[in-house]
Amino acid sequence: MRSQELQQVSDVVPPSSSWGGGSNRIAALNLEGTPPPNITDSPDHKQFNYHDEDSKKPGWRKFLSYVGPGFLVSLAYLDPGNLETDLQAGANHRFELLWVILIGLIFALIIQSLAANLGVSTGKHLSELCKAEYPKYVKYCLWLLAEVAVIAADIPEVIGTAFALNILFHIPIWTGVLITGLSTLLLLGLQRYGVRKLELLITILVFVMAACFFGEMGYVKPPAVAVLQGMFVPKLSGQGATGDAIALLGALVMPHNLFLHSALVLSRKIPNSAHGINDACRYFLIESGFALFVAFLINVAIVSVSGTVCSANNISNETANQCSDLNLNSASFLLKSVLGRSSSTVYAIALLASGQSSTITGTYAGQFIMQGFLDLKMKKWIRNLMTRCIAITPSLIVSIIGGSNGAARLIIIASMILSFELPFALIPLLKFSSSATKMGPHKNSIYVIVISWILGIGIIGINIYYLSTGFVDWLIHNNLPKVANVFVGLLVFPLMLVYILAIIYLTIRKDTVVTFVVPVKHDHPVAQNNMEHGLGNSCEVGELDHIPYREDLADIPLPK
């Protein structure tokens, strides 16, 4: 009898192998083909006796059951890379680059919502869909680029943690970089005592720093007109403005976050029906919007404080010198007006929390990327230590040679690498979320398609422009012999051409693999209603009473 039931399920839902690995989401089915017990066929259905507890929940309780993934993802928008680029943007360009933060976080909200919708509608995350869709060599190239993105995102966390340890205990930067390898193991060890409590503690510490910058902003009172003008009037004036703008975008819109968000939503039990999927997409959009709005306010506060303090009319010589060499290691003086002598300690603790909270998102993203592209899973501590050791190598070399200034510059370079890497996660996301073969009726509307592609092409175009003009300018003004310049040009220009051709290939390639599974629809209204709310039909089939979430991700401590 049991084998016959399982055979009937396999007839309704395609096997997982057709999706390139992973597991499909399936609906609760009435395998007997008859109305479940305690259900009558009366038209008013008043005597139905089924467990419709979920349908009686108020809207806010349903919403809370979906809260988690968006806030965890938003921590990546408050990592040391963001703090560094915000401080530099304010010190170098006052409020002129606030529009970059506004556009970047609007764009982040759009693409993070698309990533969540992709996971909800398909039951698979982005890396799994890339594996199913693209040829073998393209798949491996995308995997390597995604791993590089995780490493590039980890570099600011390494250096930010090292700066925090330097401020707290006055140890050299390079020693702090080495200690970060142990700190990640300590963090993962503490997760055994409750990951939710640990995340709450880290989030509180990050928001302590946010409160400090808001308090400082209230003290220095940045001119509201100049702040609003910088937010809504695009401008790229002054030396290095384009590079700083790209670094801001790279720190805000990170490719590994797209893989992360599309997977985190699979930790929620979502009914495999049009109604259930639409509700989940709406709730995830609301959650992401609120979380990213908070991140936007914090980023604006940091830029405003940095820009106001460093451009004041009565600025002292000491402050002017600090502003001219502003980085994460020296930024605590910005909070001195509010916190006094304790400003450096509070700032260092919050910086440490910022770096370590971002480590959580990087660990999860790396797991999902490896599992999706290669069907491989590693123990969390091995995966985290491996990524951290790779990120430590360039951080250690630069901190030994260039000190704190070199380490701070490496954060900007890592943010720019993330910006250049973005197309190789963004283009597949935009194509998959707009494809009927992947999303069915849940694909993007024409308005979302137009807006997301315009913003995506704009960011990609800025990257290519900066890459080409910056390299040509370097060739013209460097001190290398002409022969060396020729060899460098012969090496770099083909790589730039390959980069552009790869973006064009991903953009114009037509999707061929069909992964959308049509939701099951029951003829009986009560059976359909039960399925809409993820409930079984009282037919004593325990495994199918709810739509199962991803069992293959169960060893990762996802938010509950």
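Some observations on this one:
- Residue in the stretch 479-501 that is under 25 Å from S127 (Cβ atoms), at pLDDT below 80, open to solvent by 40 Å² or more (accessible area, probe 1.4 Å) and under 35 Å from the mean Cα position of the chain (by Cα) present: no
- Considering the stretch 205-294, there are no qualifying helices (runs of 4 or more DSSP H) wholly inside with 3 or more residues that are more than 25 Å from the chain's Cα centre (by Cα), aromatic (F, W, Y) and surrounded by 19 or more Cβ atoms within 10 Å (Cβ to Cβ).
- For beta carbons closer than 8 Å, sequence separation of 6+ or different chains, a first residue in the stretch 423-435 that is within 12 Å of E133 (Cα to Cα) and touching a residue at least 40 places away in the same chain (Cβ under 8 Å) and a second that is among the basic types (K, R) and part of a helix (DSSP H, G or I), the qualifying pairs are F432/K438.
- Out of L422, L429, one residue alone is of a type in the set (A, V, I, L, M), under 19 Å from the mean Cα position of the chain (by Cα), crowded, with 21+ Cβ neighbours inside 10 Å and farther than 29 Å from L326 by Cβ. It is L429.
- Test: residue in the stretch 372-392 that is under 21 Å from W174 (Cβ atoms) and of a type in the set (G, A, S): yes
- Each residue in the stretch 295-338 was checked for being open to solvent by less than 60 Å² (accessible area, probe 1.4 Å), in a helix (DSSP H, G or I) and under 15 Å from M217 (Cα atoms), and 19 pass.
- Scanning the stretch 70-82 for any residue that is touching a Ser or Thr at 6+ places or on another chain (Cβ under 8 Å) and among the polar types (S, T, N, Q) turns up at least one such residue.
- Any hit, the stretch 176-192, residues being charged (D, E, K, R) and either at pLDDT below 80 or under 26 Å from the mean Cα position of the chain (by Cα) (or both): yes
- Selection within the stretch 442-463 - assigned to a helix (DSSP H, G or I) and not hydrophobic (A, V, I, L, M, F, W, C): H442, Y447, S452, G456, G458, G461, N463
- Residue among F207, F290 that is touching a Phe, Trp or Tyr at 6+ places or on another chain (Cβ under 9 Å) and aromatic (F, W, Y): F290
- Given (1) within 30 Å of V227 (Cα to Cα); (2) out of contact with any Phe, Trp or Tyr (no Cβ under 8 Å at 6 or more places or on another chain); (3) buried (at least 24 other Cβ atoms within 10 Å of the Cβ), index of the condition V158 fails: (1)
- Pairs, first polar (S, T, N, Q) in the stretch 155-167, second open to solvent by less than 10 Å² (accessible area, probe 1.4 Å), C-beta under 7 Å, six or more apart: T161/G176; T161/T180; T161/G355; N166/G176
- Count of the stretch 122-153 residues which are out of contact with any Pro (no Cβ under 8 Å at 6 or more places or on another chain), open to solvent by less than 10 Å² (accessible area, probe 1.4 Å) and either small (G, A, S) or in a helix (DSSP H, G or I) (or both): 7
- Taken as a whole, the structure leaves I298 outside the set of residues that are closer than 22 Å to A76 by Cβ, aliphatic (A, V, I, L, M) and out of contact with any helix residue (DSSP H, G or I) (no Cβ under 6 Å at 6 or more places or on another chain).
- The listed residues are M378, M370, M416, M439, and the only one of them that is over 24 Å from A241 (Cα atoms), in a helix (DSSP H, G or I) and open to solvent by 10 Å² or more (accessible area, probe 1.4 Å) turns out to be M370.
The values are calculated or read from the model by the stated rules, or taken from the named source; none is laboratory data. Not measured: the values here are computed from a predicted model. So basically every Cβ, Gly included, is an ideal-geometry build from the backbone, and we count neighbours across all protein chains shown. The accessibility values were calculated without ligands, DNA or RNA, using every heavy atom of the protein model including side chains. Shrake-Rupley method; radii C 1.70, N 1.55, O 1.52, S 1.80 Å.
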